[in-house]
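The structure that follows is given in the form of structure tokens.
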Amino acid sequence: MRKVDFRSKPLSLQFITVPPETSQPATGLIVTLHGWGANAEDVASLLPLLNLPDYQFILPNAPYPYPYSPIGRAWYDLRVENMYEGLVESRKLLIDFLQSLESTTGIPLSRTILSGFSQGGAMTLDVGSKLPLAGLVVMSGYLHPDALTADQRDIPPTLISHGKYDEVVPLQAALKARDTLKSLGLAAEYHEFDMGHEINPQTLKVLRNFVVNTIS
């Protein structure tokens, strides 16, 4: 196992950008955050299944290396002895990055959807609740401690999907996120599927429908 330094240090976000398949300006922008130990290329492999040719996609690589693999990335540490180390830095980095996208892409935050899987889903709920985005998509994710505060009211429309048999992030985490949003006055769209810790065709279908309904 490689030693990874999650302490504060200058960070940057490398990312993949995928333009619309059409020659027309993008209908909207979808930013998707990968999970713990994955990378942007993993997310890119799913894009053809989404059938959203009019949208631009931006797929960031998390800023930290993953301790258990040379190709994986991490938004923060999830090992028990260093739990959440690096989260504060990743949060600020991602907020700054998202705020810069309007000038670099020409697409406003009001037509940008932030989505993520697992650890990326947790980052989506945390960071996305602090920005005027069009919507949030949380796949097999969870809530960071104190990510949402009782006085938050302007959280973007949110889609939560989760596997009933998720062995990595238990279903209870999705229920907690849903109920927390409900307590803040936001009725999140919520779906459970007969699957584990994964993204299946049903997940992508509800994501696509949410994007189209939210942006249109």
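The values are calculated or read from the model by the stated rules, or taken from the named source; none is laboratory data. Please read all numbers here as calculations on a predicted model, not as lab measurements. Cβ coordinates were reconstructed from backbone atoms using ideal geometry, including for glycine residues, and neighbour counts include every protein chain displayed. The protein model used for the area step is the full one, side chains on, heavy atoms only, and it has no ligands, DNA or RNA in it. Shrake-Rupley method; radii C 1.70, N 1.55, O 1.52, S 1.80 Å.
For the stretch 86-142, just say rounded, prolate or oblate: build the C-alpha gyration tensor, square-root its eigenvalues into a ≥ b ≥ c, call rounded for a/c under 1.5, and beyond that prolate if a/b exceeds b/c, oblate if not.
Here the stretch 86-142 falls in the oblate category.
Here's something else I'd like to know. Note the count of lysine pairs whose C-alpha atoms are less than 28 angstrom apart in the chain, limited to pairs 8 or more residues apart or on different chains.
14
Over the chain, calculate the relative contact order: mean separation of alpha carbon pairs under 8 Å at least 6 apart, over the residue count, as a percent.
Relative contact order of the chain: 17 percent.
Could you tell me the distance between the Cα centroids of the stretch 115-179 and the stretch 46-109, to the nearest Å?
For the stretch 115-179 versus the stretch 46-109, the Cα centre distance is 15 Å.
So how do Asp146, Asp179 rank on accessible area, 1.4 Å probe, biggest first, that is with the largest at the start? Could you put the intermediate results ahead of the total?
Values: Asp146 140, Asp179 75 Å².
Ranked list, largest accessible area first: Asp146, Asp179.
Show me the ranking of peptides 57-65, 122-130 by mean Cβ neighbours inside 10 Å, starting with the highest.
Peptide ranking by packing, descending: 122-130, 57-65.
Right, next: Ignoring ligands, DNA and RNA, how do Thr27, Thr17, Thr112 rank by accessible area with a 1.4 Å probe, largest first?
Thr17, Thr27, Thr112
While we're looking at this one, here's another question. Could you work out the helix-only [θ] at 222 nm for the chain, with each DSSP H run of four or more residues adding -39,500 (n - 2.57) and the total divided by the number of residues, to the nearest 500 deg cm²/dmol?
-9000 deg cm²/dmol
Run the numbers for Asn209 and Thr17: contour at 0.36 nm per residue of separation, minus the present Cα-Cα distance, in nm.
Net length gain for the segment: 66.9 nm.
Considering only protein heavy atoms and a 1.4 Å probe, what is the carbon-and-sulfur percentage of the accessible area of the chain?
Here it works out to 54 percent.
Taking R0 as 30 Å, what FRET efficiency do you get between Val168 and Lys92 from their Cβ-Cβ distance, rounded to the nearest 0.05? Spell out each step's value before the answer.
Details: r = 26 Å, r/R0 = 0.88.
About 0.70, to the nearest 0.05.
Which order do Arg73, Arg79 take by accessible area at a 1.4 Å probe, largest first?
Numbers: Arg73 65, Arg79 25 Å².
Result, largest first: Arg73, Arg79.
Compute the Rg/Rh shape ratio of the chain: radius of gyration over Kirkwood radius, all on alpha-carbon atoms. Could you put the intermediate results ahead of the total?
Working: Rg = 16.2 Å, Rh = 17.3 Å.
Across the chain, the Cα-based Rg/Rh ratio is 0.94.
Assuming a ≥ b ≥ c are the square roots of the Cα gyration tensor eigenvalues, decide whether the stretch 34-160 counts as rounded (a/c under 1.5), prolate (otherwise, with a/b larger than b/c) or oblate.
Oblate, since a/c reaches 1.5 and b/c is not below a/b.
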